[in-house]
Each structure stands twice: as C-alpha cells, then as structure tokens.
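Written out below as structure tokens is the structure these notes cover.
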Amino acid sequence: MKLLEHQAKERLRRVGIECPTGLVARSPQEAEKAAQEMGPVVIKAQVPIGGRGKAGGVKLAKTPAEAHAAAAAILSMEIHGYSVPSVLCEEALEIAKEIYLGVTVDRDRRSMVVILSFAGGMEIEEVAEHSPEKIAKLWPDPFAGPQAFEIRELTLQALEAVGGDETLPKARYLAELVPVVQSLFRLSQELDASLCEINPLVVTASGQVIAGDAKIEIDQNAEFRHRDLVRELGPDASAATSGDDPLEVEARRRGLTYVHLGGSVGIIGNGAGLVMNTLDLVKQHGGSAANFLDIGGGAKAEVVKQALEMLLLDPAVQGVFVNIFGGITRGDEVARGLISARDELGMQLPLVVRMTGTREEEGRQLLEAAGITPAVSAPEAARKIVELIGSTGSS
Ligand code: GDP
Ligand code: MN
C-alpha cells in the first residue's frame, strides 16, 4: 500500500520531521483559497507514484489566480495512468539544496538500509545507475536502530562522495540529520514500510531542513497489522493499492513471468505458447486459471520450486497444474525436483503434472509414488486437476 504524499507527510510530522504547511484541495477554487491564506504555494498532484515533477504534476504558484490555474491543469491530468483526484497546496519553499534520504529493505543483506545522497531531487534509481558513488548507505542494527555516531559517519561519507557541500556548515548537517534519520527509521519499522523516502529533503535559503516530498509504502504482507491505517486512509488507500499487483511484483523480483488472473488453478508451464494452451485446456474442463506462470525453456529444479512457491503466495490457488514440455530435459529429474520442492514448501494442495521428455515414464512413476498425480496428456491433466479441486471442495 502506497500512501499519498500528504498522508506520508502527516506521518512524518507525527515523528517530529519538519514538513511545509499544506492543505489538500479537490478543486481549483479550493486551491485558490488555500493560496489566499498561504501566499506563494506549490501545487502537487496527489497520486501514488513518483516522477510527478517531470510529468508536470508539480507547479509553483505565486498568486491565488496562478494557484487556481495550476490546480485546474493538474487536476485534469493523467500521470502514469493515474487520474488526479486532489492536489496538495503547500507553502512554497525557497530551495537551496535537495538531499535524498530513504529507508528501505536491502534484500541482499537481509537488512534495512538507510540511503543518503547529496545528489537528491532526481529519482534515486537514476543516481544509483549513473553515479552510484554519490550514494552513502548505513545498515543499522534492527533493534538499536541507527546510532547518532553512525548517522554522522553516514553524513560525512555522503558529503565526501560529492566533494562536500557548502549549503550548510558541516557541523549543521551532522546535527540536523541525526534526528531526521532516527525518526524516519523508527517510522519505517512502526509502519512495516518497505520504503520511507524523503526526496528531496530540502535545505531552504534560510537554512531550514524540511521534507519537500515524502513517499511511504507499507509492505503488503504486513497490512493486516495496519488495519487502522487502511481505514483511516479510506478511499484514497484503495486508490493507492490499485498500483501493481503485489504477486506480479514479487514474480518479477524472482525473474519469473507471472500474470495474476484470479481463478483457482495455479499453472506452471515452460514457454508462453504452452502456458496459453494450458489456460485454454483448464477453461475447457470447467476450471479457472489463477495465473499465467511461464518458467521459460528447460525446467530446472530451482526454478520449478520458485514457481511453486510463487503460486502458494496466492491464497486463491486450490491446486496446481504443471505442464512441462521437455525434449532433452529428463523426466525423472523434473519429477525429483517437483517432489523435493513440494516437500520443502510443505505444499498440501493437489498437484497434477503432465510432462514429456527423456525418461518421462520413469518420471511419472516417481511422481505417483510420491502422491503427485501424473498425466500423459495435457487434456488429461486439465481434467484431473479440475476434478481434484472439485473433490477437495472450495473452502
Ligand atoms: P516528484 O517529482 O513526484 O518526486 O515530486 P517532488 O515533490 O519531489 O517535486 C519535484 C521537484 O519539484 C522537487 O525536486 C523540487 O525541485 C521541485 N519542488 C517541489 N516543491 C517545491 C517548492 O516548494 N519550491 C520549489 N522551488 N521547488 C519545489
Ligand atoms: Mn520527489
């Protein structure tokens, strides 16, 4: 679940991170009124996606009339597929420096990571790709959180990485960033956030350090712990969740081609054509496919295991149909891979396997002995999985 900017900033304020004063407007009139109260404002599209600035969804307005016009323009935009139901009208900042600060998950290190860069403002992915040396990272102890001395070290590293920055004296940076990083880290833990990001963390012309933008994403798997938040965010939250399908995101991370379809039969096949054909067969036999999962050429045991694991993440899946078209691929190896994957994952659901290839007969015998249903042809497999799901009942 992605929070909108104004929702994320509200969370930042609650943990003591400075944010500009702002009002949410749903019409140009409301934006105009806000500008009358606030003076020069920045009008910002409230959509659950970054890159609004580049897309024209962030506009400065010096006068109420300009605010009216900017809001009218932004409210009628579509930004990366999102319509814009509201804008945030904030007192405009006089920006002297844009810093990037983020807390996210480092999957390789199996740890949270704090990322700091004095090359802020841009998308951090861009900085990471073109000038990764400008980014400093800290992997704090998850229980103690980032310590003041660690944050000072991080800050020095980040400053050195860009050859220093004169916007503020070094001592001010060291002092200012400690509480911001600590609060942001604590917030990300409290919210089970997969991402808490301030980009830019602004240093104003008068030397104030303040959050110019805020992005918070709550880990989908932890949403049950944040029902109150989901409720509080109301209709905006559902708008924010309508982003990418989380299973598809997860599959992409695992390097699998996966499309969520919503039915109850999980499908694994090697090759897009074969998978599409399998979907049709399941349908013809009265079942409904839960997904489209293509593991590509061959059928390596590890890939099959990843695919099975993916399917089990979908609570709607009631049975799995594996369709492997092998040539040189050895059926007995595929069978052994499947059996050990099922056992390792503790999978209880019906599993029907149709495979062809070298030693396919031997493979089928292994499967049968392990309680997995083998099939010689794909239509036969489709019939069997639909029957098995029917007989185990849908709970
Ligand atoms: P994003 O593009 O979706 O990340 O939206 P941001 O809120 O980060 O805004 C994009 C850019 O607009 C920032 O990096 C700033 O350069 C600029 N911007 C945002 N707010 C202000 C403001 O109050 N004053 C000024 N001068 N620029 C702003
Ligand atoms: Mn931003």
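Compare the Cα positions of Ala378, Phe325, Leu308 along the charge dipole of the stretch 273-393 (+1 at Cβ of Lys, Arg; -1 at Cβ of Asp, Glu; about the Cα centre) and return the one farthest towards the positive end.
Selected residue: Ala378.
Return the percentage of antiparallel bridges among DSSP beta bridges fully within the stretch 246-394, rounded to the nearest 5 %.
Values: 4 of 22 bridges.
Given both bridge residues lie in the stretch 246-394, the antiparallel proportion sits at roughly 20 percent.
Under a Cβ-only charge scheme (Lys and Arg +1, Asp and Glu -1), can you give me the dipole magnitude of the stretch 69-205 about the Cα centre, in debye to the nearest 20?
The calculated dipole for the stretch 69-205 is roughly 360 debye.
Using a Debye calculation, one point per C-alpha and no hydration shell, please list log10 I(q)/I(0) for the stretch 7-89 at q = 0.16, 0.26 Å⁻¹ in order.
Results for the stretch 7-89 at q = 0.16, 0.26 Å⁻¹ read -0.56, -1.20.
Can you give the angle from 0 to 90° between the axis of helix 170-190 and the longest principal axis of the chain, with both taken from C-alpha atoms, to the nearest 10?
40
Hey, can you grab everything whose amide H is under 5 Å from the amide H of Leu349? Only 5+ residues off in sequence or another chain; H modelled, so Pro and N-termini drop out.
none
With a 1.4 Å probe and every protein chain kept in, tell me what percent of the accessible surface of the stretch 21-92 is carbon plus sulfur.
Its accessible area is 56 percent carbon and sulfur atoms.
At 1.4 Å probe size, with every protein chain present, just tell me what the per residue accessible area of the stretch 122-197 comes to in Å². Walk me through the intermediate numbers first.
Working: 4010 Å² over 76 residues.
With the other protein chains kept in place, the stretch 122-197 gives 53 Å² per residue.
Just to be sure I understand the model, the point goes 7 Å from the Cα along the line to the Cβ. What's the resulting Arg109 to Val376 distance in nm?
Distance between label points: 5.7 nm.
Given the rule -39500 (n - 2.57) for each run of at least 4 DSSP H residues, summed and divided by the residues of the chain, what is its mean residue ellipticity at 222 nm, to the nearest 500 deg cm²/dmol?
Only helices count here, giving -13000 deg cm²/dmol.
May I ask for log10 I(q)/I(0) of the stretch 266-332 at q = 0.27 Å⁻¹, from a Debye sum over the Cα atoms as equal point scatterers with solvent left out?
With no solvent term, the Cα-only Debye profile gives -1.24.
Give the relative contact order (percent, whole number) for the chain; include only Cα pairs under 8 Å separated by 6+ residues.
This gives 13 percent for the chain.
Which residues' amide hydrogens lie under 5 Å from the amide hydrogen of Ala211, considering only partners 5 or more residues apart or on another chain, with H built in the peptide plane?
Glu18, Cys19, Val202
Just to check I understand the Karplus step: with θ = phi - 60° and J = 6.51 cos²θ - 1.76 cosθ + 1.60, what whole-Hz values come out for the stretch 319-324, glycine and proline as x?
After applying 6.51 cos²θ - 1.76 cosθ + 1.60, I find x, 10, 10, 9, 10, 10 Hz.
From the backbone phi of the stretch 128-133, what are the Karplus-calculated ³J(HN,Hα) couplings (6.51 cos²θ - 1.76 cosθ + 1.60, θ = phi - 60°) in whole Hz, Gly and Pro given as x?
4, 7, 8, 9, x, 5
Amide H to amide H, which residues 5 or more places from Leu261 or on other chains are under 5 Å from it, using H placed in the peptide plane?
Result for Leu261 returns Asn291, Phe292.
Would you mind getting me the FRET efficiency between Ser27 and Ala205? Use the beta-carbon distance for r and R0 = 35 Å, nearest 0.05.
The formula returns an efficiency of 0.65 here.
Cut-off 16 Å, label point 7 angstrom out along Cα-to-Cβ of Arg13: give me the residues of the stretch 184-228 whose amide nitrogen falls inside.
210-215
Ordered by packing density, taken as the mean number of other Cβ atoms within 10 Å over each peptide's residues, highest first, how do 171-179, 156-164, 326-334 rank?
Order by mean packing, descending: 326-334, 171-179, 156-164.
Suppose all protein chains stay in the model; what accessible area per residue would a 1.4 Å probe give for the stretch 246-394, in Å²?
Numbers: 6610 Å² over 149 residues.
On a per-residue basis, 44 Å².
Apply 1/(1 + (r/R0)^6) to the Cβ-Cβ distance of Glu153 and Glu129, taking R0 = 30 Å, and write down the FRET efficiency to the nearest 0.05.
0.75
Give me the percent relative contact order of the stretch 21-92, please, defined on Cα pairs under 8 angstrom at least 6 residues apart.
On the way: 155 pairs, mean separation 33.5, N = 72.
Here the relative contact order equals 46 percent.
Roughly how many nanometres apart are two label points built 7 Å out from the Cα toward the Cβ at Met276 and Glu232?
With each label placed 7 Å out from Cα toward Cβ, I get 4.7 nm.
Evaluate E = 1/(1 + (r/R0)^6) for Ser76 and Glu344, where r is the Cβ-Cβ distance and R0 equals 45 Å; express this FRET efficiency to the nearest 0.05.
In this case the efficiency is close to 0.30.
Where the only charges are on Cβ atoms (+1 Lys, Arg; -1 Asp, Glu), what is the dipole of the stretch 246-394 about its Cα centre, to the nearest 20 debye?
140
For the stretch 45-57, take each phi angle, set θ = phi - 60°, evaluate the Karplus expression 6.51 cos²θ - 1.76 cosθ + 1.60, and give the result in whole Hz per residue in order, putting x for glycine and proline.
Per residue, the Karplus-derived 3J(HN,Hα) values read 4, 9, 10, x, 7, x, x, 5, x, 4, 7, x, x Hz.
What does the chain give for Rg and for Dmax, in Å, if only its C-alpha atoms count?
When restricted to the Cα atoms of the chain, Rg and Dmax are 26.1, 79 Å.
For the chain, what is the charge dipole size about the Cα centre, in debye to the nearest 20, if Lys and Arg each add +1 at the Cβ and Asp and Glu each add -1 at the Cβ?
It works out to roughly 360 debye.
Expressed as a whole percentage, what fraction of the accessible surface of the stretch 254-349 belongs to carbon and sulfur atoms when a 1.4 Å probe is rolled over the protein heavy atoms?
Answer for the stretch 254-349: carbon and sulfur cover 54 percent of the accessible area.
Viscosity 1.306 mPa s, temperature 10 °C: Stokes-Einstein D of the stretch 246-394 from its Kirkwood Cα radius, in µm² per second?
On the way: Rh = 14.7 Å.
Stokes-Einstein gives a translational diffusion coefficient of 108 µm²/s.
Antiparallel as a % of all DSSP beta bridges within the chain, to the nearest 5?
Taking every DSSP beta bridge within the chain, about 70 percent pair in antiparallel fashion.
Mind checking which aspartates and glutamates have their Cα closer than 13 Å to the Cα of Lys215? Skip sequence neighbours fewer than 8 apart in that chain.
Lys215 reaches Glu5, Glu10, Glu123, Glu197.
Name the residue, out of Pro28, Pro169, Pro246, whose mean-square fluctuation peaks in a Gaussian network model built on the chain with Cα pairs under 10 Å.
Its mean-square fluctuation being the largest, the pick is Pro169.
The values are calculated or read from the model by the stated rules, or taken from the named source; none is laboratory data. Given the structure is predicted, the values throughout are model-derived calculations rather than measurements. In this analysis, Cβ positions are derived from the backbone assuming ideal geometry, glycine residues included, and neighbour counts consider all displayed protein chains. Accessible surface is based on the protein model in full, side chains and every heavy atom, while ligands, DNA and RNA are left aside. Shrake-Rupley method; radii C 1.70, N 1.55, O 1.52, S 1.80 Å.
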